[in-house]
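Q: Okay, here's the structure, questions in a sec.
The values are calculated or read from the model by the stated rules, or taken from the named source; none is laboratory data. All of these numbers come straight from a predicted model, not from anything done at the bench. Cβ atoms come from the backbone with ideal geometry, glycine included; neighbour counts cover every protein chain shown. The area values use the complete protein model at the heavy-atom level, side chains included, leaving out ligands, DNA and RNA. Shrake-Rupley method; radii C 1.70, N 1.55, O 1.52, S 1.80 Å.
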Amino acid sequence: MREKRGEWYLPNSELKIPGKLYIDEDNKKIILHLFTSTYLSGNAIERQTSDEDWYNEIILGTGINSLTTLYSCTFYSDSPVKKGFHELKYEVEYIFDRVHINSNQNLLLNNISISFPNMRTFFDGFKSISGDDIEEQYYKLDREILINENFKIILSDSKQKIISTRKDYKIKHSKSVDFVYQKPVDFNIINKDCYTFLRMLEFSSRKNLAFKIKHARLDMKNVSQYSENIYIQNNGKIEKPKFATTFIYSKLNFKEDIFLDTKKWHQNFLLFSGWSESTEELDRIIKKWYSNEKLMPVYDFYIDSNNWFRGKVALSNVMFNNKFLNLIQGLEAYYDFIDPSYTYTNEEFTKTRQEVLNKLGNPDLKSWTEEHLSYPKKSTLTYKLSHLCNKYKKIISRFFLEDDFIKKYPNEAKEFRHKLSHGRIDKTYQGTKMDDCYKFSQLLLCICLLDSLDMNFDRIIDRIGTNPDLNHMIGDIKNSIKNNS
């Protein structure tokens, strides 16, 4: 556990309270301890904490030769020490070191450096395991991915020669991922961009991942104080730098296990990467992922379906049922997103309606039926699922024969959805048929989302055909079909 002593106060406040900031990696928390007779606002400490004192967006800290900005601070607990004196605890989301930022309006960043797991494997493909020039020790610009007119991602390779006491050496690699903004943006927007990138990696790898923000650059005009008294020489003039660098800490930094080298990804487990795509194609996919903002909830439904909480909690039947409902909701949402024209066989409907009318003897009833019985204009869930199965028939047929399961799937999935969503069940576990529906729904949604990235059908067939996870799932469905036939 690391600690940081100092005085802590709200922006533009003269009330400074002594305390300690604890970075507790074991419990994955950042806690600020204050020893005081009042809240930071100056209000008296009462049993019922007011909204003003329950949450502080920014708390500033000043220690020995150090400045700290705490962002998103929630009141945690109050422990009386002696009469009129308390130990207050606040849980902190983010630490911005070396700077003071007085308001969230000034928390605008130009550049931020982030660590994601297995970046060299994901981006470099075969080059990530190729031989190295042992004499090289350099930092080079690799490439830029332009996401939009204000936002680009810069990938850089760094190689560092590490010499041991036995005078042998190894080359340590890392790939830096920098998010660069032409005009500075709010920290919440950057967080959203980070999570969007993370979700793309989780979709491709079918893994639960995390990221760490390392440091960022702010325009000096948005910084009230800066720890580094650095001046630069510009045409003979001594000037302050235009940008301040801050190191950022958060609870995300505690997820070190996700970044271990022993968990390097195998190419076949990735739906797309530098192994399977050219540089230009992979960059295009990343740009397309960001542009599909309206599909993010659908991506989330699919990504969550791969999270089985292994080693943490047992997945109950109730949780499994909810995951199935999420998949069906994702398929419905994707159908609504592509918004295909609702094609139907109106001739068949008209013919059947006429047969019904012919059997009605009452003229008034016949007239009412003819006026009100029209073909439904809104597509049903069964129709939506049938449409998606037909749309991707070329892909599905490479892995499944056109048997009864595929034909029955839209209606059976609809029946399970209705039972679960309306509470019409007499047992929690719905049986192997729903297991098959779940797996096929997951596969179908995966196909939909690969298509949403403008990946052609032959490429989708190839990526599914070489992915061990998806192949195992397809095999389970086939075995179940065979056993139930």
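Q: Collect the residues in segment 1-50 that are at pLDDT 90 or above, assigned to a strand (DSSP E or B) and hydrophobic (A, V, I, L, M, F, W, C), keeping them in residue-number order.
A: Listed by number, the residues that qualify are Trp8, Ile17, Leu21, Ile30, Ile31, Leu32, Leu34, Phe35.
Q: Which condition from (1) part of a strand (DSSP E or B); (2) more than 18 Å from Arg98 (Cα to Cα); (3) open to solvent by less than 60 Å² (accessible area, probe 1.4 Å) is the one that Val81 breaks?
A: The failed condition is (3).
Q: Among Asn43, Asn27, Asn56, Asn65, which is polar (S, T, N, Q) and at positive phi?
A: Only one candidate passes the filter, namely Asn65.
The rows are residues; the columns are (1) over 28 Å from Met220 (Cα atoms); (2) over 34 Å from the mean Cα position of the chain (by Cα).
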site: Lys16; (1), (2): no, yes
site: Tyr39; (1), (2): yes, yes
site: Ile58; (1), (2): no, no
site: Cys73; (1), (2): no, no
site: Ser77; (1), (2): yes, no
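Q: Name, by its number, the condition in (1) part of a strand (DSSP E or B); (2) surrounded by fewer than 20 Cβ atoms within 10 Å (Cβ to Cβ) that does not hold for Asn102.
A: Exception for Asn102: condition (1).
Q: Pairs under 6 Å by beta carbon, first residue acidic (Asp, Glu) in segment 72-94, partner assigned to a strand (DSSP E or B) and open to solvent by 40 Å² or more (accessible area, probe 1.4 Å), six or more apart or different chains?
A: From segment 72-94, the pairs are Glu87/Phe35; Glu87/Ser79; Glu87/Val81; Glu91/Thr74; Glu91/Tyr76.
Q: Residue pairs, Cβ under 6 Å, 6 or more apart or interchain, first in segment 373-393 and more than 15 Å from Asp336 (Cβ to Cβ), second at pLDDT 95 or above. List them.
A: Within 6 Å, the pairs are Tyr392/Ile447.
Q: Just give me the residues in segment 1-47 being surrounded by fewer than 13 Cβ atoms within 10 Å (Cβ to Cβ) and without any contact (Cβ under 8 Å) to a residue 24 or more places away in the chain, in sequence order.
A: Residues satisfying the conditions are Arg2, Glu3, Glu14, Pro18, Asn27, Asn43, Ala44, Glu46, Arg47.
Q: May I pose another question? Taking the condition of being of a type in the set (A, V, I, L, M, F, W, C), at pLDDT 90 or above and not in a helix (DSSP H, G or I), how many residues in segment 179-217 meet it?
A: Taking segment 179-217 and keeping what is of a type in the set (A, V, I, L, M, F, W, C), we get 179-180, 185, 187, 189-190, 194, 197-198, 200-201, 203, 209-211, 213, 216.
This time we only want the ones that are at pLDDT 90 or above, so: 179-180, 185, 187, 189-190, 194, 197-198, 200-201, 203, 216.
Okay, now just the ones that are also not in a helix (DSSP H, G or I), so 179-180, 185, 216.
Total meeting the criteria: 4.
Q: Check Tyr71 against each of (1) open to solvent by 30 Å² or more (accessible area, probe 1.4 Å); (2) in contact with a helix residue (DSSP H, G or I) (Cβ under 9 Å, 6 or more places away or on another chain); (3) not basic (Lys, Arg) and name the one condition it does not meet.
A: (1)
Q: Trp54 - would you say it is over 28 Å from the mean Cα position of the chain (by Cα), aromatic (Phe, Trp, Tyr) and surrounded by fewer than 18 Cβ atoms within 10 Å (Cβ to Cβ)?
A: Numbers: over 28 Å from the mean Cα position of the chain (by Cα): yes; aromatic (Phe, Trp, Tyr): yes; surrounded by fewer than 18 Cβ atoms within 10 Å (Cβ to Cβ): yes.
Considered against the rule, which asks whether it is over 28 Å from the mean Cα position of the chain (by Cα), aromatic (Phe, Trp, Tyr) and surrounded by fewer than 18 Cβ atoms within 10 Å (Cβ to Cβ), Trp54 comes out as yes.
Q: So, one more: Give segment 434-485 a look and list any residue that's hydroxyl-bearing (Ser, Thr, Tyr), surrounded by fewer than 17 Cβ atoms within 10 Å (Cβ to Cβ) and closer than 30 Å to Glu280 by Cα, or say none.
A: Of everything in segment 434-485, just one residue is hydroxyl-bearing (Ser, Thr, Tyr), surrounded by fewer than 17 Cβ atoms within 10 Å (Cβ to Cβ) and closer than 30 Å to Glu280 by Cα, namely Thr466.
Q: In addition: Select from segment 376-418 the residues that are surrounded by 13 or more Cβ atoms within 10 Å (Cβ to Cβ), not hydroxyl-bearing (Ser, Thr, Tyr) and not in a helix (DSSP H, G or I) and list them in ascending order.
A: Arg398, Phe399, Phe400
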